[in-house]
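Just so it is clear, none of the values below were taken in a lab; they were calculated from the coordinates. Because the structure is predicted, anything quoted here is derived from the model rather than measured.
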Amino acid sequence: VDTARVFDFFRIDVDLDETYSLVCDGHVPADVEPEAYYLAVSALDQLYWVMGSVLGVLLGQILPWDLTGIDFAMTALFVVIATEQWENASKNGKPWLTAHLPALLGFGLTVCSLLLVGSHKFLLLSMGFTLPYFMELIRL
């Protein structure tokens, strides 16, 4: 079993917005191997999400929460993260299309999915559309 491939699949599986942001930031400490850094960031981020989810479920059963406005806050957070990634992609020295291809594909395939199946079912389809792209990245 090629452990590098296993770690690639793990990293794709746990690729959260925060993980993506840290990995694409490009600031790997000088004394750390990039692959080890990416794996550690992915594993720790997944651990934080699982622990936070469990804690949220437990506290949600005990404490009353008014979540009015959370949908706007999460959308705003996503826009800020996406904007920062777009700006940082331009600074890494890659050609414009190469640097922005993941964002353009993600946006374009999401819009296509929305038009094909509507707003209640588009997320799963758009993620399915992006899977071949990520599988190709693993082969490289």
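Data overview
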item	result
Helical contribution to [θ] at 222 nm, DSSP H n ≥ 4, -39,500 (n - 2.57), averaged over the chain, rounded to 500	-26500 deg cm²/dmol
Separation of alpha-carbon centers, segment 91-140 and segment 20-41, rounded to whole Å	22 Å
Kyte-Doolittle mean at least 1.0 and Cα axial length at least 24 Å: DSSP H helices in the chain	96-117, 122-139
Relative contact order, percent, segment 10-69 [alpha-carbon distance under 8 Å, six or more residues apart]	41 percent
Answer label, with percent of Cα pairs over 21 Å apart calculated from the coordinates and candidates (1) 57; (2) 43; (3) 48	(1)
